[in-house]
Each structure stands twice: as C-alpha cells, then as structure tokens.
Amino acid sequence: MLSRSVWWLRTPASRFLPSGPPYTPTRTVSIAAKAAQPKVTTLDPARLRPSDHVDLSHLKRFAVLQPNRKMGKAGTYLLYHQEDTENISFPPRTAGFFYYYRPPDDLPVTAGGIRFRIAAVNPAAFSRGRDLTRPNGAVWHIALESIAKSMTKTVLREIILRDKLVSEEDMADHTPKGLDNRERAQTVIHSFYEPFPVSFQRAHYINIYSDGNKYRCDVRVFHEQRAGPPSSVYPYSGRALVRFELSTLPEHSGLRVAVLRCVKIIDPPRLMIPDYDGYLPPPVEGELVQRPSRAVSQASRPWVRDLSSGAGKFLALLLDGKAQQPGSR
C-alpha cells in the first residue's frame, strides 16, 4: 500500500540581502523551518484543503519530497519553464493548488497530467480559478507520459496512484515506448480542436498515433516562398496558440477541409525583413491564418488542408476520434 506522500516547497530567505543591484533571493529552507512549509497532500480537486494552497511566485523550481526524506533525495524537482539552459522563474502571484487534470472520456488517458490552478485559499474557489500557463501560452502541464516514464518522478506517481486518479494498469500500459528525444520535442495533440503553441519563425510537426503507427503532419504556414533566392523565408517573429477547425467557408461546402485559427497571440508578430511588401499577411488573433493567394483578384486566402488526401488523412484521424496515445496498441 502506498504511503501518504506530501510535497515540501522551498520558500525565500529574506534576511541579509546584499546591497547593490537588485537581488532575487535564493529559495532555501532550514531543517527547523521545514515543518512550517505548505504540504500538498492530494492531487484530487475534490479532496483539496486550505493547507494544500501554495505560493510559487518567483520560484525557479520547487521540490516534491516524501515524508522523512532529506532534501535532494528521493524527490522530484519541477520547473516552470526552460529557455535554452536557463530556468525561468514562476510568475508573480502564482498561488493556488496543484491538481491532476482528468481528460474527457473521448480523449486518451495520456492527455491527463498535473496542472496548477491559480485560485484563492478556499478550495471552494477552485472552479473559479484559472490554470497556470507557460510563456508560449500553453497550459503548464506535466504529462502522464512523462510521469509514468521518468525515474525522477516517483513521488508524483505514488500520489496519483494513491489517490486513484489513474489505475496502475493505465500508468504502466500507456507509458510511451520507442520515441527518441527529437520525437518527444514535437507536438502531439489528442483531439482535432486542441490548441497548440507555434512560433512564426519555423515549421511545425504534428505527431498522430493510430493502430500502433505514427504519422507526421507538417504544418508549414508562416513562411513565404517565391521564385529566386532565398526560396523560403519567415517574415515575422512571434508566437501564438492555434487550432485546427473544420472549414465552414462556402467554397468548402460538402467537403472535409481543415483550416487553422489563431486562438491567441502570445508575442505579437514583428517584421524581420526590412521594406517587406506584405506578401504573407501577419497572423491576427481570432482570425483564420492566411496564406498568399495565387489569384490576381485576391491578396490572401486561408491556409487549408484537404482531409481526404495526403497528410490531411492523418488529421482526419483526429477529427474522427481514431487517434491514440503514443505507445498504445
């Protein structure tokens, strides 16, 4: 039977700050003070207590430990975000509850994971809170796939299993197998309308799994290509959340055609080419992503993908609910 695990969080030391340039204190905690630290005893939203409320503001990492274990041993360190090799601190006013997100029944088990709900101390306010997001706009989320596979996330597995949020069979059976690091870095979406982050400076690859096979759908939408060098350029920098949608445009009546909508602009598009002629329109929040039009009478047209042919067939697996989690059979 699993022991009842708790999470110890490091809090900032505020004494003996040096003079000079602005200083961000390193978050440390003494053995004597450890007993006073917040303890997160459950990941089940229905069982949260005020004592499970934690403040992660300005913290670069937090430690998850089992009881009676020394800091740094048999624990799990979780980060907010990494850019290159730098750990980015949690934003100000990041206070709330860790919880396990259970996906809807029409999504695979591995769409679940640990999230952080920013909310008031009273657990009754949980439903009125909002989930923490990363700098790219995606929800801060520790995927079940990562928890099941990683040797450093034992404590998280124990809490999830103890709270019966995931069965032991699912924890074992849905561990991804056979994916290299490059594949894990690519985007995996579990449903057709699920938003995913994109950069305006590169192509994106969507991994889709069905019947034990992996398919890759290239989403090359933010580049423009004209005759002569350079053959392909990315005119804008910036980031956004986008999602696929089934087209309702009149010209696609009776057809299954995917379009791409810009759900939210995270970093506004910034022109990277001096004196650019605007051949590729910049993304606009709430609008369909546009591509240059070959028609003289039309400056641009929505990006589209026919779901009945080519790589569009792989997106159709998402729309029809036939996609699977990585590694499943």
Inset, instruction - For a footprinting-style exposure proxy, rank Thr187, Thr152, Thr110, Thr76 by other Cβ within 10 Å, fewest first. - result: Thr152, Thr187, Thr76, Thr110
Inset, instruction - Please give the net charge around Asn136, taking every other residue with its beta carbon less than 12 angstrom from that of Asn136, where Lys and Arg add +1 and Asp and Glu add -1. - result: +1
Legend entry - Which of Ile189, Ile118 has the fewest Cβ neighbours within 10 Å, and the rest in rising order: Ile118, Ile189
Legend entry - Likely footprinting exposure, Phe222, Phe90, fewest C-beta neighbours within 10 Å first: Phe90, Phe222
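Count the net charge of all other residues whose Cβ sits under 13 Å from the Cβ of Tyr99, scoring Lys and Arg as +1 and Asp and Glu as -1.
Numbers: positive: Arg47, Arg49, Arg102, Arg115, Arg117, Arg130; negative: Asp44, Asp52, Asp131, Asp163.
Computed value for this residue: +2.
Rule-based calculations on the coordinates, nothing more; no lab input. Quick caveat: nothing in here was measured; it's all calculated off a predicted structure. Note that each Cβ is placed from the backbone with ideal geometry, even for glycine, and that neighbours are counted across all protein chains shown.
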